[in-house]
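The structure appears right after this line, and notes come after that.
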Amino acid sequence: MIFQITVPAAVPGVEEIRVLEWHVTLGSAIAAGDLIVELETHKAIIEVRAGQAGFLLAILVQGGDWRAIGLPLALVSSDPEEELPGDTSAASAMLIDFEVN
């Protein structure tokens with residue numbers, strides 16, 4: 001099953017967040033609690049951690065790029081061999097935890 005890692009609404013009033021750094025690479029296994037990506041606003045750094053295990057299949061936003069709250073950042077699957085469908089908009093959101101620094 002394909003899941004989306006979406007931009008969390010981590011800071012009230014912020015509509016876009018910039019990708020600072022990815023901490024996983026394509027095809028990597030992700031365990032619950034692993035740091036996936038660091039995001040930043042003009043005032044805070046947000047660490048996004050996996051809330052469930054999976055495999056990173058696609059990175060949709062590169063470091064330095066901005067993304068609106070709720071839009072997908074990456075695609076993850078529970079099966080490392082799963083092929084991405086042409087339309088992933090119906091994919092469920094992956095469980096994540098985040099910390100604002």
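Just so you know, all these numbers are worked out from the coordinates, no wet-lab data involved. Source: prediction; values computed, not measured. Glycine also receives a Cβ, built like all others from the backbone with ideal geometry; neighbour counts cover every protein chain displayed.
Okay, here's what the table says:
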{"item": "Antiparallel content of DSSP bridges confined to the chain, in %, to 5", "result": "95"}
{"item": "Hz values of 3J(HN,Hα) by residue in the range 15-28 - Karplus curve (6.51, -1.76, 1.60), Gly and Pro given as x", "result": "9, 9, 9, 9, 6, 8, 7, 7, 10, 10, 10, 4, x, 5"}
{"item": "Amide proton proximity set for Ile36, modelled H, under 5 Å, gap of 5+", "result": "Val48, Arg49, Ala50"}
{"item": "The chain - percent relative contact order, Cα under 8 Å, separation 6 or more", "result": "39"}
{"item": "For Leu73, residues with placed amide H under 5 Å, excluding near neighbours", "result": "Ile5, Thr6, Val7"}
{"item": "Summed residue charge, Cβ within 10 Å of Ala68's Cβ, Lys/Arg positive, Asp/Glu negative", "result": "-1"}
{"item": "Karplus (6.51, -1.76, 1.60) ³J(HN,Hα), θ = phi - 60°, over the range 32-46, in Hz, Gly and Pro reported as x", "result": "4, x, 5, 6, 9, 8, 9, 10, 9, 10, 6, 10, 8, 9, 10"}
{"item": "Listed residue (Thr41, Phe55, Ala29) projecting farthest to the positive dipole end of the chain, Cβ model", "result": "Thr41"}
{"item": "Cut-off 12 Å between beta-carbons: net charge of the residues surrounding Glu40, Lys and Arg +1, Asp and Glu -1", "result": "-2"}
{"item": "Ranked list, fewest to most other Cβ atoms within 10 Å of each Cβ, for Ile46, Ile5", "result": "Ile46, Ile5"}
